[in-house]
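The values are calculated or read from the model by the stated rules, or taken from the named source; none is laboratory data. Because the structure is predicted, anything quoted here is derived from the model rather than measured. Note that each Cβ is placed from the backbone with ideal geometry, even for glycine, and that neighbours are counted across all protein chains shown.
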Amino acid sequence: MLTDEEIIELYFTRDERAVAETSLKYGGQCRRVSYNILKTKEDAEECVNESYLKLWNLIPPERPDELKYYLLKIVRNISLNRLKFLKRRKRFDGVNLSLDELENILPDQSGSPEPDSGLTELLNTFLDTLKRDDRIIFLRKYWYFDSVAEITRDFGFTAPKVKTSLFRTREKLRKYLTERGYRI
């Protein structure tokens, strides 16, 4: 299996093997992230394929530091956009519950084309303040959109521990952002 640097070089030389190598190395993770958002195999596969195309168009000129996370962010954003489209057509599921939980904490940025880099930095700093288990639970729920049942199964936590951790972490995040001048 090729390293990330070797795969990125394939993109720079416009070698079509770049997409195949990316899929081989990260395809499973991409499909999982997309499926957790969309809950249909077909929609998830379509979003993953669209993500490979977007990656092809972004590299070059971009040269991501971490190919895996760069790609997963693309997959996640494309999947969330697809979810918004499906929601408008009344074809949505429990992922919206996770988004709704955070909606009451995070400032509204729907009007801005790019995320607030200051907010992104604050969120990363906030996540660094959390205990390992709380950070894992929070990211699995709100980044990967895993259900409480999946988190308990994968990490051996109890459902009450996961739910309590999520509640407390959301409250900590609300306080953290408010103290730093964000209106919630």
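Within segment 165-184, the residues that satisfy the criterion of being surrounded by 15 or more Cβ atoms within 10 Å (Cβ to Cβ) and assigned to a helix (DSSP H, G or I) are S165, L166, T169, R170, K172, L173, R174, Y176, L177.
Here are some residues: D154, D146, D133. Which one is touching a residue at least 24 places away in the same chain (Cβ under 8 Å), within 22 Å of L72 (Cβ to Cβ), part of a helix (DSSP H, G or I) and of a type outside the set (K, R)?
Working: D154 fails: touching a residue at least 24 places away in the same chain (Cβ under 8 Å); D146 fails: part of a helix (DSSP H, G or I).
After ruling out the rest, the residue left standing is D133.
For segment 129-149, the set of residues classified as more than 16 Å from the chain's Cα centre (by Cα) and of a type outside the set (S, T, Y) consists of L130, K131, R132, D133, D134, V148, A149, listed by residue number. Free of Cβ contacts under 8 Å to residues at least 12 places away in the same chain, out of contact with any strand residue (DSSP E or B) (no Cβ under 9 Å at 6 or more places or on another chain) and not small (G, A, S): does that describe R63? Against the criterion (free of Cβ contacts under 8 Å to residues at least 12 places away in the same chain, out of contact with any strand residue (DSSP E or B) (no Cβ under 9 Å at 6 or more places or on another chain) and not small (G, A, S)), R63 does not qualify.
Within segment 1-31, the set of residues being more than 15 Å from L72 (Cβ to Cβ), crowded, with 17+ Cβ neighbours inside 10 Å and of a type outside the set (A, V, I, L, M, F, W, C) comprises Y11, E21. Residues in segment 32-69 that are touching an Asp or Glu at 6+ places or on another chain (Cβ under 8 Å) and loosely packed, with under 14 Cβ neighbours inside 10 Å: E66 alone.
Residues in segment 1-54 that are under 19 Å from Y69 (Cβ atoms) and of a type in the set (D, E, K, R): D4, E5, E6, E9, E21, K25, R31, R32, E50, K54. Taking the criterion of being at pLDDT below 95 and not in a helix (DSSP H, G or I), the residues of segment 25-59 that qualify are K39, T40. Within segment 149-164, being crowded, with 17+ Cβ neighbours inside 10 Å and of a type in the set (A, V, I, L, M, F, W, C) holds for I151, F157, V162.
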